[in-house]
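A quick write-up on the structure given underneath.
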Amino acid sequence: MVTVWDRVVRCTHWCVAALVFFQFLNEDGAPLHRYAGYLAGSLVVLRLAWSTRASGFAHYSRWLPSPARIRNYLHAVRHGGAPRMLGLNPLGACMALLIWSLILLLAVSGWMMGWDMFW
């Protein structure tokens, strides 16, 4: 059996998933809601930082999508022969980057809601 993702990746993944689920249940804006949002944003930053130091599939060079990788993968999908990959395929990597960006945007915009200059 091949272990694709290391413990840091797995831990950050499931902790962020649990925090996002918790945030759906706790929408009142109480301090616990704010701190959970800050923690989710921090875990995303940790995961992205870990991509620069990790080895194997967690390293950004193994999963970061380039235009050429995306184009080649889409071409293979269109012709019925999408390659099986360990780790993220280029479209999955785009999805992961989008989700991480949205979580960071939510954390930053939640933090900015406390600024008087915007209200």
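The values are calculated or read from the model by the stated rules, or taken from the named source; none is laboratory data. Not measured: the values here are computed from a predicted model. Here Cβ is always computed from backbone atoms with ideal geometry, including for glycine, and neighbour counts include all displayed protein chains. In case anyone asks, the SASA skips ligands and DNA or RNA and just uses the protein heavy atoms, side chains included. Shrake-Rupley method; radii C 1.70, N 1.55, O 1.52, S 1.80 Å.
Structure notes:
- Distance distribution P(r), the chain, all Cα-Cα pairs, bin width 10 angstrom from 0: 12, 36, 28, 17, 6, 1 percent.
- R0 of 22 Å, Cβ-Cβ distance TYR38-ALA18: FRET efficiency to nearest 0.05: 0.90
- Paramagnetic label zone (point 7 Å from Cα along Cα-to-C-beta, ASP6; backbone N under 17 Å) in segment 64-97: 64, 87-88
- Fully extended contour minus Cα-Cα distance, from LEU104 to VAL45, at 0.36 nm per residue: 20.4 nm
- Within the shell of other residues whose beta carbon sits under 12 angstrom from the beta carbon of ARG34, the net charge comes to -2, with Lys and Arg scored +1 and Asp and Glu -1.
- The mean sequence distance of close C-alpha pairs (under 8 Å, at least 6 residues apart), as a share of the length of the chain, puts its relative contact order at 28 percent.
- Most to least packed among 89-99, 14-24 [average Cβ atoms within 10 Å]: 89-99, 14-24
- A simple rule links phi to the HN-Hα coupling: the Karplus curve 6.51 cos²θ - 1.76 cosθ + 1.60 with θ = phi - 60°, which for segment 8-20 gives 5, 5, 5, 5, 5, 4, 6, 5, 5, 4, 5, 5, 5 Hz, with x for Gly and Pro.
- Positive-pole candidate from LEU102, GLN23, LEU64, dipole of the chain, charges at beta carbon: LEU64
- Net charge over other residues, Cβ less than 13 angstrom from the Cβ of ALA17 (K, R count +1; D, E count -1): +2
- Summed over all non-identical Cα pairs, the Kirkwood treatment of segment 1-48 gives a radius of 11.5 Å.
- Rounded accessible area per residue of the chain, 1.4 Å, Å²: 72 Å²
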